[in-house]
1. Hey, could you check region 208-219 for residues that are open to solvent by less than 60 Å² (accessible area, probe 1.4 Å) and at pLDDT 90 or above and say which is farthest from Thr131 (Cα to Cα)?
2. Kindly list the number of the only condition in (1) at pLDDT below 75; (2) closer than 18 Å to Gly12 by Cβ that fails for Ala57.
3. Please go through region 102-135 and pick out each residue that is loosely packed, with under 15 Cβ neighbours inside 10 Å, assigned to a helix (DSSP H, G or I) and hydrophobic (A, V, I, L, M, F, W, C).
4. Considering only region 26-47, how many residues are open to solvent by less than 70 Å² (accessible area, probe 1.4 Å), touching a Leu at 6+ places or on another chain (Cβ under 7 Å) and not aliphatic (A, V, I, L, M)?
5. Does Arg135 count as touching a strand residue (DSSP E or B) at 6+ places or on another chain (Cβ under 7 Å) and closer than 23 Å to Thr200 by Cβ?
6. Looking for whichever is under 23 Å from the mean Cα position of the chain (by Cα) and in a strand (DSSP E or B) here; the options are Phe195, Phe208. Which one fits?
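The values are calculated or read from the model by the stated rules, or taken from the named source; none is laboratory data. Small disclaimer: the values here were computed from a predicted structure and weren't measured. We place every Cβ from the backbone using ideal geometry, glycine too, and count neighbours over all the protein chains shown. With ligands, DNA and RNA removed, areas are computed over all heavy atoms of the protein, side chains included. Shrake-Rupley method; radii C 1.70, N 1.55, O 1.52, S 1.80 Å.
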Amino acid sequence: MTFDTRLLTGAGVLAAVTDTGNFARAAKMLGLTPSGVSRAVARLEARIGVRLFDRNARDVVLTEEGLRFHAQVMPLLAGLEEAAAQAAGTAVLINGRLRVSVDPWFARTVLASRMQEFLARYPLLSVDLTTSNYREEMMAGIDVAVRFGPPDTSSLIARQMLEVPVLTCASPAYLEKHGMPATPHDLEHHEVLLFRDPQTGRPFSWEFHRGGKVIEIQTPTGRFMTDDPSAALSACIAGQGIFQSLGIGMAPFFARGELVQILADWSDERYPLIAYHPSRHLPPAKVRAFLDFVREISAGATALY
């Protein structure tokens, strides 16, 4: 079977248009004319038999079929780039653009404040960071994604970065007004702040683990639910209710006395932080560098005091 080199050329143009948002900027990046880019995309669409972009006067957006094709082809282009670098003897050179999708809580409490270190370590690398709790199409145009929770069953490679303790907390003002819960079942008489599961739309159930015993509260009472743990944490600090949080990046709130851990003897539960990248034997050097950095900065981030 003869390989159609126009597919490779078209895939490269597709990547440039997706990165830049329109044909004119992609043409500038590639050293082509906008009409040349448009023709390359049209040839690719004709070759594979689907429309890849929705076009308007200002920009172009990937169609649903385009998103799927882009997600499949980007790892292949990255593999070719890596192979070329290895053949040229520059496999250790970490450069280019790294596209990362990260859980918002991890981004805000751990990663964002340390990104300067990562970029200083690799001065030829740039990072495009997006935040999301969701997993649908999370690898569209992304090199590596980081999410909390058990790994999905998919064609992606899932690597566990760490296990995070789950803790329950409240503000001193709330506890002064409503009292300190002594057992998990006491929460039936308290106001709790609920975190919505982005996959199901329902609130996460609350679990309490101690010495192999698990108490699960399926529907804790709560009048406030959000999909943003930062919003729930702010409400908790303001004394609105009790919150069950991932115990990462929480140390400053306890150190300042804004929060108090409750039911500490029922806090054996652990929740994984998982990194995903496309299913390839060896991820690009820039992805490996990022994964190593995430492990490095996460090592002490679960300390509470």
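1. Ile215
2. Result: Ala57 fails condition (2) only.
3. Selection gives Ala112, Leu119, Ala120.
4. So the count comes out to 1.
5. So Arg135 passes the test.
6. Answer to the selection: Phe195.
Condition check ((1) modelled with pLDDT under 85; (2) closer than 17 Å to Arg147 by Cβ; (3) touching a Gly at 6+ places or on another chain (Cβ under 8 Å)) across all residues:
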| position | (1), (2), (3) |
| --- | --- |
| Gly222 | yes, no, yes |
| Met225 | no, no, no |
| Ile248 | no, yes, no |
| Phe253 | no, no, no |
| Leu259 | no, no, no |
| Leu263 | no, no, no |
| Leu273 | no, yes, no |
| Arg288 | no, no, no |
| Ala301 | yes, yes, yes |
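Yes/no per residue for (1) among the hydrophobic types (A, V, I, L, M, F, W, C); (2) modelled with pLDDT of 65 or more; (3) more than 19 Å from Gly21 (Cβ to Cβ):
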site: Gly49; (1), (2), (3): no, yes, yes
site: Phe53; (1), (2), (3): yes, yes, no
site: Leu67; (1), (2), (3): yes, yes, no
site: Glu81; (1), (2), (3): no, yes, yes
site: Ala87; (1), (2), (3): yes, no, yes
site: Ala91; (1), (2), (3): yes, no, yes
